[in-house]
1. Quick one: is LYS58 surrounded by fewer than 16 Cβ atoms within 10 Å (Cβ to Cβ) and touching a strand residue (DSSP E or B) at 6+ places or on another chain (Cβ under 9 Å)?
2. Which one is nearest to the ligand (Cβ to nearest atom) among residues in the stretch 103-136 that are surrounded by fewer than 19 Cβ atoms within 10 Å (Cβ to Cβ) and part of a helix (DSSP H, G or I)?
3. Determine the pairs where a residue that is assigned by TED's automatic domain parsing to the domain that holds ASP28, located within the stretch 51-75, has a partner that is part of a loop (DSSP other than H, G, I, E, B) and of a type in the set (Lys, Arg) with Cβ atoms under 8 Å apart, the partner being 6 or more residues away or on another chain.
4. Look through LEU84, LEU89 and report the one residue that is out of contact with any Gly (no Cβ under 8 Å at 6 or more places or on another chain) and in contact (Cβ under 8 Å) with a residue 40 or more places away in the chain.
5. Condition first: acidic (Asp, Glu), under 22 Å from TYR340 (Cβ atoms) and part of a helix (DSSP H, G or I). Now tell me which residues in the stretch 66-102 satisfy that.
6. Quick one: count up the residues across the stretch 366-409 that are farther than 20 Å from ALA192 by Cα, part of a helix (DSSP H, G or I) and in contact (Cβ under 8 Å) with a residue 12 or more places away in the chain.
7. Run ASP158 past the list (1) within 16 Å of the ligand (Cβ to nearest atom); (2) surrounded by fewer than 22 Cβ atoms within 10 Å (Cβ to Cβ); (3) on the phi > 0 side of the Ramachandran plot and report the number of the one that doesn't hold.
8. Among the residues of the stretch 409-462, write down those that are in the same structural domain as GLN300 (by TED's automatic domain parsing) and in contact with a Lys or Arg (Cβ under 9 Å, 6 or more places away or on another chain).
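The values are calculated or read from the model by the stated rules, or taken from the named source; none is laboratory data. Just so it is clear, the structure is predicted and the values come from calculations on it, not from any experiment. Every residue, glycine as well, gets a Cβ built from its backbone with ideal geometry; the counts of neighbours run over all protein chains shown.
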Amino acid sequence: MIGLGTMGRNLLLNMSDHSYAVAGFDLDADKVNSLKKEGEGRKILGAATLQEFVDALKTPRTILLLVPAGDPVDKVILGLKPLLSAEDLIMDCGNSHYTDTDRRVTALAKDNIHFMGVGVSGGEMGARFGPSIMPGGSQDAYERIGAMLEAVSAKVNDEPCVAYLGPGASGHYVKMVHNGIEYAIMQLIAEAYHILKEIGGMSNEELHETFAKWNEGKIRSFLIEITAEIFARRDDLTKGMLIDMILDSAQQKGTGKWTSQDAMDLVVPIPAIDTALSARYLSADKQQRTEGEKMLKGPQAQMQMDMQELVSALEDAIYFSMIISYAQGMTLLTQASGHYGYELKLEEIAKIWRGGCIIRSGLLEHIRAAYAQDKDLVSILLDEKLAHDVYTHQQGIRRVLSVAVEAGVPMPAMMSCLAYYDSYRRAWMPSNLIQAQRDFFGAHTYHRTDREGVFHTQWEQKQ
Ligand code: 6PG
């Protein structure tokens with residue numbers, strides 16, 4: 001393992017727990033020394049130099065990287081390349097952009113060095129005790145390390161949360177979309193928090209209880225579970241609760257933005273993810289919002305639902321929006337698979353996301369089942385069970401959003417999920433008008449509903 005930050009170190013210790021002899025290297029000697037200490041009595045080598053690290057490995061070598069995405073990955077590869085031999089394998093386990101991975105696969109293949117992009121999800125604890133792993137690249141290379149990845153991955157019903165996903169950068173692409181869905185679900189949860197706090201007037205303790213209860217039902221998931229824990233956490237520095245001391249400016253490292261950017265290029269609508277990203281951007285500009293608060297008035301927030309009804313409608317609303325968010329991400333994967341030649345198996349992806357990763361949830365089992373029934377499903381919204389589920393939960397989201405709109409509480413991701421549903425379930429959209437407008441002002445032409453061909457109308461009557 002090159003890169004002994006928390007993720008790299010934890011993944012290495014996880015491998016060691018499964019009886020693999022491992023070696024670690026980091027430019028920071030302190031990290032190497034602490035690995036050495038931790039590795040006492042185990043088959044863990046902390047290498048002082050890159051040369052010592054490479055020499056310690058059995059050939060053909062398997063080298064994992066967990067360094068920050070971007071230049072650091074290229075720098076490590078540059079340093080490693082002269083020390084490697086044909087058939088060696090480098091696995092980049094960070095959140096690299098998939099186009100960087102493609103470039104690296106091609107460049108290293110010239111020297112017969114395999115390069116795999118491997119998405120790893122689950123944060124620090126996942127890496128240590130069982131992440132979800134999304135490997136892509138050469139299948140031959142995967143055969144060499146598949147058993148080790150299976151050993152260290154999370155398990156659901158004894159099934160490992162790892163599978164060979166496809167060629168090239170497919171692993172990093174799938175991880176990118178995983179993170180896009182992660183952005184959407186996190187935003188949905190934040191919106192639920194907002195309405196419960198502002199309209200419901202819930203205390204942190206009540207929020208803790210509500211989320212803990214929700215985690216036993218249909219929206220059971222890792223993100224709901226940690227949200228419950230967050231509301232129960234006291235602050236070490238003051239007497240209050242930690243959540244109230246955290247600045248409301250969300251940051252990001254880029255994977256959500258890349259998902260939206262790529263979806264735009266592939267002409268795949270993923271508004272839940274786009275909206276979650278925009279909400280982070282808006283949150284980050286606290287100064288502007290503070291000015292806005294002084295100038296822009298909203299309605300008086302009034303509770304128009306009793307608390308129990310709000311909590312129950314909100315649970316339905318989150319369930320509904322979670323389905324829509326997964327639907328958009330999975331559809332993007334389907335389209336990207338065709339476009340980039342990844343040959344992704346959506347059932348496998350849903351399966352390995354059921355455990356270990358940040359977006360793991362009870363819902364993923366239904367999504368897996370949907371793809372098991374029809375591997376060519378264009379959208380999970382067209383699966384009978386999930387179509388029925390969104391239909392039966394729509395009333396909740398409509399109720400919640402009408403209260404939020406009246407009270408002036410922003411719920412952009414939920415609104416976008418409902419709007420997506422209301423568009424997706426109609427054969428007709430008002431876009432005939434857009435075509436008419438385009439033709440009116442720019443002679444862009446239009447198609448007709450009653451006959452073939454391309455038409456243009458002289459809209460403005462000449463005097
Ligand atoms: C995971 C996470 C992980 C990381 C994100 C955070 O799957 O384990 O997604 O990859 O926490 O990169 O992303 P942002 O900093 O962009 O929120």
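1. Details: surrounded by fewer than 16 Cβ atoms within 10 Å (Cβ to Cβ): yes; touching a strand residue (DSSP E or B) at 6+ places or on another chain (Cβ under 9 Å): no.
For LYS58, the condition - surrounded by fewer than 16 Cβ atoms within 10 Å (Cβ to Cβ) and touching a strand residue (DSSP E or B) at 6+ places or on another chain (Cβ under 9 Å) - is not met.
2. Just the residues of the stretch 103-136 that are surrounded by fewer than 19 Cβ atoms within 10 Å (Cβ to Cβ), to begin with: 103, 106-107, 109-112, 123-125, 129.
Now restrict to residues that are part of a helix (DSSP H, G or I): 103, 106-107, 109, 123-125, 129.
Values: ARG103: 21, THR106: 25, ALA107: 25, ALA109: 26, GLY123: 5, GLU124: 9, MET125: 10, PHE129: 13 Å.
Checking each candidate, the answer is GLY123.
3. Cβ pairs passing all conditions: VAL54/ARG61; ALA69/LYS253.
4. Numbers: LEU84 fails: in contact (Cβ under 8 Å) with a residue 40 or more places away in the chain.
Residue meeting the stated conditions: LEU89.
5. At the first step, the residues of the stretch 66-102 found to be acidic (Asp, Glu) are 71, 74, 87-88, 92, 100, 102.
Checking which are under 22 Å from TYR340 (Cβ atoms) leaves us with 74, 92, 100, 102.
The answer is ASP74, ASP100, ASP102.
6. 11
7. Going through the list (1) within 16 Å of the ligand (Cβ to nearest atom); (2) surrounded by fewer than 22 Cβ atoms within 10 Å (Cβ to Cβ); (3) on the phi > 0 side of the Ramachandran plot, ASP158 breaks only (1).
8. Once the filter is applied, which keeps residues that are in the same structural domain as GLN300 (by TED's automatic domain parsing) and in contact with a Lys or Arg (Cβ under 9 Å, 6 or more places away or on another chain), the stretch 409-462 yields only LEU418.
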